[in-house]
Every structure is written in C-alpha cells, then in structure tokens.
Amino acid sequence: MHKFFSNRRLVFIVVVLVLAFGLMGGSVALRKRRATPPLIQQFGNDVVGIANDIVAVPVNAVHNGLASFSDLLNTYSENRKLKQQVSDLAQVKVRDETLAHENKQLKKELKVNHTMTDYSTINAAVITRSPSSWQKQIIINKGQTSGVKKDMPVMSAGGLVGRVVEVNQTNSKVELLSDTSESANRFAIQLDGEGGKTINGIITGYDSETNELVMGQVTSKAKVKKGTKVTTSGLGGITPKGLYVGKVSRIGKDDYGLAQKIYIKPAADFNDVNIVTVPELNS
C-alpha cells in the first residue's frame with residue numbers, strides 16, 4: 001500500500017515538471033512568433049506613454065525656463081562687472097593722462113628735459129630659442145638697424161624678461177632672467193615697504209623649481225607685504241625706471257640670516273616668450 005502511494009507521488013511530480021517545462025517552452029515560442037504585444041498590454045503602454053508626455057512637457061518647459069532665467073541673471077551680473085571694469089579703466093586712463101600732463105609741466109618749469117621714466121619702445125619677435133639653452137637666452141629679429149643696443153632691458157606680456165647681451169645688424173641675443181648662471185647680468189629693482197619706505201635691491205638669482213626671482217642685497221629692514229609690486233629702480237643709468245618685474249611672493253633671510261631675501265613671482269612667463277618690447281631711454 002505504501003509503495004503504491006509512493007509511485008503515485010513520483011508520477012505526479014513528473015507530470016507537474018513536464019507541464020511546467022511545456023508551458024515555459026510554449027511561452028517562449030509564442031513570444032518569438034508574436035510581433036506585437038496583446039491588446040491589453042498595448043493599451044497600457046499607450047496610456048503610460050501619453051501620461052509621460054503630459055507630465056514631461058510642462059516639466060521640461062519649467063526646467064528650460066529656470067535655466068534661461070539663471071543664464072539671464074548671470075549675464076546681467078557679468079555685464080555689470082564689465083561695466084564697472086570699463087569705468088575703472090576709464091578713470092585710470094584719465095588720471096594717468098592728467099599726471100603725465102602735470103609731470104611734463106613740472107619738468108618744463110624745473111628745466112628737466114628727460115628722466116629715467118622717459119623712454120620709447122622697440123617691438124620685436126622671437127626668431128630662435130634653442131632647447132639646450134631654453135631658460136637662458138632667446139634671439140629677437142631686431143638689431144642695430146632698429147636702434148637696439150647692448151644692455152637694453154627686454155619685456156614681454158607686461159613684465160621684465162631679460163637684457164640684450166649681443167647686438168647684430170638685424171637681430172639680437174637676449175639673456176633671460178631665468179638664467180641661473182653666476183655671470184648673468186642683474187637688474188637693480190625696488191619696492192615699497194611698510195610706511196611707504198622705498199626698498200632697493202638687485203635680482204641675484206632665479207629658483208626654477210618655484211618659478212621665483214630672488215631679490216638680494218636688500219638695503220632696508222622695513223617690513224614687506226606679500227603681493228607688493230616690484231619694479232626696476234633705474235639705478236645704473238641704462239634701464240628705465242618703473243618697468244614691472246612682478247609681485248612679492250614670500251620673504252626669507254640670506255645665507256647668514258641677517259638681511260632680507262625677497263622672492264618675486266615674475267609677471268612674465270619665461271616659457272612663453274614670443275613677442276617682446278625693448279624700452280629705450282630718451283636721450
């Protein structure tokens with residue numbers, strides 16, 4: 001009796017498995033043959049698609065409207081800033097013209113024809129820069145015929161980059177401030193310390209790792225603020241006064257721990273020098 005029920009149970013299980021596999025196989029075959037879903041499923045898909053369009057259209061409209069409004073606000077803000085900058089530049093230009101006019105009148109009254117701030121400029125292009133001496137020198141396409149002379153300073157992108165060390169008829173060799181050799185020519189420079197006191201010194205080196213010029217032989221112990229502008233002092237009678245060098249990046253001590261050593265972030269990029277300006281003192 002027990003064996004009979006056991007056999008029935010086994011037969012039942014086999015039948016269930018056969019039916020299950022049969023239904024799965026039939027479902028797969030039917031799905032492959034059927035190109036379109038059932039009518040009810042089609043209706044449901046259409047309803048979902050229409051509802052999605054109804055919701056998406058106003059949502060996208062609101063999103064686009066907010067984005068346009070945000071862009072309008074940003075444009076208005078940038079426009080206001082640019083107007084303020086233009087206004088500031090106009091004021092600076094008027095002030096500079098006024099100061100130049102007053103300076104000219106004072107020189108005339110004092111019978112001073114030319115000073116170290118009176119200079120004209122010669123524009124030139126870099127024609128040669130050797131990879132082996134990339135940080136040391138460049139060759140420019142102006143020479144004696146254009147009025148270039150030895151020891152004239154050279155500027156690029158608004159900042160001092162070097163000095164003319166060799167002049168030919170149609171080209172000149174310029175020694176860069178990034179030249180770290182001991183024989184490199186140095187510039188006399190100055191900056192304003194605490195209380196408006198003038199601090200003089202000389203560019204004595206260049207740190208290639210930090211891209212900083214080193215101002216040594218500092219003549220004063222006055223405190224110096226980071227970000228102070230550094231210019232040429234005009235001492236020596238060859239380089240015009242007031243040529244922009246860079247800004248103070250940090251202050252240290254010399255090798256003996258006595259005098260100040262000032263580090264300067266140069267205004268010009270020594271790795272990207274293509275067009276230069278050679279200032280020439282008016283005689």
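The values are calculated or read from the model by the stated rules, or taken from the named source; none is laboratory data. This one's a predicted model, so the numbers in the text were calculated from it and none came from an experiment. Cβ placement follows ideal geometry from the backbone for every residue including glycine, while neighbour counts extend to all protein chains displayed. Ligands, DNA and RNA are excluded from the accessible area calculation, which covers all protein heavy atoms including side chains. Shrake-Rupley method; radii C 1.70, N 1.55, O 1.52, S 1.80 Å.
Tabulated values for the structure
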quantity	calculated
Residue 221 vs. criteria in a loop (DSSP other than H, G, I, E, B), of a type in the set (Lys, Arg), open to solvent by 50 Å² or more (accessible area, probe 1.4 Å) and closer than 21 Å to residue 127 by Cβ	no
Close pairs (8 angstrom Cβ cut-off, 6 or more residues apart or separate chains): open to solvent by 50 Å² or more (accessible area, probe 1.4 Å) in segment 189-205, polar (S, T, N, Q) and in a strand (DSSP E or B) anywhere	192/198; 198/190
Residue among 252, 216, 234 that alone is under 20 Å from residue 156 (Cα atoms), assigned by TED's automatic domain parsing to the domain that holds residue 139, open to solvent by less than 30 Å² (accessible area, probe 1.4 Å) and not hydrophobic (A, V, I, L, M, F, W, C)	234
Candidate set from segment 131-155 (those that are over 10 Å from residue 278 (Cβ atoms) and of a type in the set (Lys, Arg)); member that is least open to solvent (accessible area, probe 1.4 Å)	136
So residue 158, is it surrounded by 19 or more Cβ atoms within 10 Å (Cβ to Cβ) and either within 25 Å of the chain's Cα centre (by Cα) or of a type in the set (D, E, K, R) (or both)	no
